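Since the structure comes first, as structure tokens, the remarks are kept for the end.
The values are calculated or read from the model by the stated rules, or taken from the named source; none is laboratory data. Since the model is a prediction, treat every value here as computed from it, not as a measurement. Positions of Cβ are backbone-derived with ideal geometry, glycine not excepted, and every protein chain shown enters the neighbour counts. Remember, those area values only see protein heavy atoms, side chains included, never the ligands or the DNA or RNA. Shrake-Rupley method; radii C 1.70, N 1.55, O 1.52, S 1.80 Å.
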Amino acid sequence: MKLYDAHTHYYDEKFAREYPGGTHGAIADSFAAGVCGFLCAGTNPDTTKASIALAEQYENVYASSGLHPQDTADYSIAELPTVLSAVESLLDHPKTVALGEIGLDYHWDPDRMVQKEAFDAQLSMAAAKGLPVIIHDREAHGDTMDLIRVHKNATGMIHSYSGSGEMVREYVRMGWYISFSGPLTYKNAEKLRAACKMVPPDRLLIETDCPYLPPVPHRGKINTSALMIHTLETMAECVGLSIQEMAAQTVENACRMFHISLL
Ligand SMILES: [Zn+2]
């Protein structure tokens, strides 16, 4: 059984601090557990470069380039064009297959004007380049969807989905993929599992967002792709497929969306 982790942050310093063998130890353990590859998501030009470095070292590992809404806190509106042109130039690397992660975050809440400006500009950039987008939406469901609606030529994945069933229906109608992570397994996540049931199987992606969001029964620990099996089990149960079928379907979907073929 092959599994593809559609969203990770393996460059995160938490691995060096908390995982035996650091980033490379966590990647080795994930491959040993049957994960055949992953997407490492950039959040600014520096973390994108770190993602690309990992993608160059490992087969079936790809990178994305983007300015995360939390990282917009480091810039003023006037400084955005410079950082966004750095984001854009990193899209040209052969192992950069998506633009992200980008979006809106009203939990940490850096200046909303700057967040929206960066999100809007990067959605235009993705559509112009024909690249899929990785969306981060934290406590900003309405504004995120409003901006996506405006960019009819943009498409991609809503990462670590946390919205409602009604919104899922609308995203699917607009052609987007929906990606679920560890919270799908949480005891009180009935609404999330109901949303998962509404996604057609050929639009589902599975991810860890590691080192964050570990699934049950590993909450409180550092997350890796090796733990994604628990999220897969819950997703398979929601959809009504076997674990093997669910794994194969999510691998196929990731390849289709990122325009990659796995070795
Ligand atoms: Zn992420």
Gly165 is checked against (1) modelled with pLDDT under 95; (2) small (Gly, Ala, Ser); (3) crowded, with 17+ Cβ neighbours inside 10 Å and fails just one. What number does that condition carry? (3)
Spans of helices (runs of 4 or more DSSP H) in the stretch 184-263 with at least 1 residues among the hydroxyl-bearing types (Ser, Thr, Tyr): 228-239, 243-258
Residue in the stretch 219-227 that is within 14 Å of the ligand (Cβ to nearest atom), over 13 Å from Phe180 (Cβ atoms) and open to solvent by 30 Å² or more (accessible area, probe 1.4 Å) present: no
Scan the stretch 164-180 for residues that are under 18 Å from the mean Cα position of the chain (by Cα) and either within 16 Å of the ligand (Cβ to nearest atom) or basic (Lys, Arg) (or both) and report the count. 4
For the stretch 71-91, the count of residues that are touching a Ser or Thr at 6+ places or on another chain (Cβ under 9 Å) and free of Cβ contacts under 8 Å to residues at least 12 places away in the same chain equals 1
Of all residues in the stretch 74-94, which are within 25 Å of Tyr161 (Cα to Cα) and among the charged types (D, E, K, R)? none
For the subset of the stretch 1-28 comprising residues that are in contact (Cβ under 8 Å) with a residue 12 or more places away in the chain and assigned to a loop (DSSP other than H, G, I, E, B), which member is surrounded by the most Cβ atoms within 10 Å (Cβ to Cβ)? Tyr10
Would you check if Leu147 is at pLDDT 95 or above, assigned to a loop (DSSP other than H, G, I, E, B) and among the aliphatic types (A, V, I, L, M)? no
Number of positions in the stretch 111-126 that are open to solvent by 50 Å² or more (accessible area, probe 1.4 Å) and closer than 29 Å to Leu184 by Cβ: 2
Looking at Leu204, Leu184, Leu192, Leu213, can you tell me which residue is open to solvent by 30 Å² or more (accessible area, probe 1.4 Å) and either within 14 Å of the ligand (Cβ to nearest atom) or more than 16 Å from Lys14 (Cβ to Cβ) (or both)? Leu213
Name every residue in the stretch 75-109 that is farther than 28 Å from Ile260 by Cα and either within 15 Å of the ligand (Cβ to nearest atom) or in contact with a Leu (Cβ under 9 Å, 6 or more places away or on another chain) (or both), in order of residue number. Tyr75, Leu80, Asp105, His107, Trp108
When only residues in the stretch 127-144 that are away from the ligand (no atom under 16 Å from the Cβ) and touching a strand residue (DSSP E or B) at 6+ places or on another chain (Cβ under 8 Å) count, which is most open to solvent (accessible area, probe 1.4 Å)? Lys129
Which one is farthest from Ser89 (Cα to Cα), of the residues in the stretch 52-72 that are of a type in the set (S, T, N, Q) and within 11 Å of the ligand (Cβ to nearest atom)? Gln70
